[in-house]
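Each remark here refers to the structure printed beneath this line.
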C-alpha cells in the first residue's frame, strides 16, 4: 500500500514538472487568474523553474502528497476561504518547503467580501443581505450552539476571514509575510518560511493562533 502511494505521488509530481517544461503553467495563469497576477507572482518566483510549483487545490491532502524539500516555491491560486482547516493546510505547506522557501496564496478578506456584496445588489437589499451574511458567516461559527449547524451546512468552506486573521495564521505556522497585493477582489500574499513547526509550537504561539482565529 505504501509503495503504491509513493508511486502515485511520483507520477503526479512528474506530470506537474512536465507542465513547467512545456510552458502550460504560464498560459494557465494568464488565462485565469490573469496577467496581473502572473506579473505579481513572477516578481518573487521563477515560474520557469522545475523547483517552483503552481497549483489550484482546495485539499490539504494534495499538498501532503508532495515530496518534502523538493520545491523551493509553492503557489496555490485557490482561495484559502474554501480550504478546510486552514492552519492544517498552512502546516502542510510548511512541511514541504525548505527554510526560506516561498509560499504564495490568496484570500478574499472580510472587507473585500463586504465590498463585493454591497456592490452586487441594490443599496437597500445589499445591506439586508450583508446583515444576514454577517450573522451566519461570522457569528454562527463562534457560538457552540450554532457552530455544528454552520459546519454541517458549509463544510467549512467559503469562510469569512479578515486580513489580520490570515496573516496571523501564517505567522503562527512558521511563515513571515514579505509582501501583499490586492488583485481582482482578492488579497495575494507572499510568505517566506522561517522555521520548521516543531521548533515553534509552544503555548505562547498556540495562544496567538487562537487570538487571530477569533479576530481579536
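The values are calculated or read from the model by the stated rules, or taken from the named source; none is laboratory data. This structure is a prediction, so every number in the text was calculated from the model and none was measured. So basically every Cβ, Gly included, is an ideal-geometry build from the backbone, and we count neighbours across all protein chains shown.
Side notes on the structure shown:
- Qualifying positions in segment 88-111 - surrounded by fewer than 16 Cβ atoms within 10 Å (Cβ to Cβ) and within 24 Å of residue 133 (Cβ to Cβ): 111
- Count of residues meeting criterion [loosely packed, with under 15 Cβ neighbours inside 10 Å and at pLDDT 90 or above] in segment 158-167: 1
- Residue ranges of helices (runs of 4 or more DSSP H) in segment 39-157 with at least 2 members at pLDDT 90 or above: 60-64, 86-96, 110-120, 123-134
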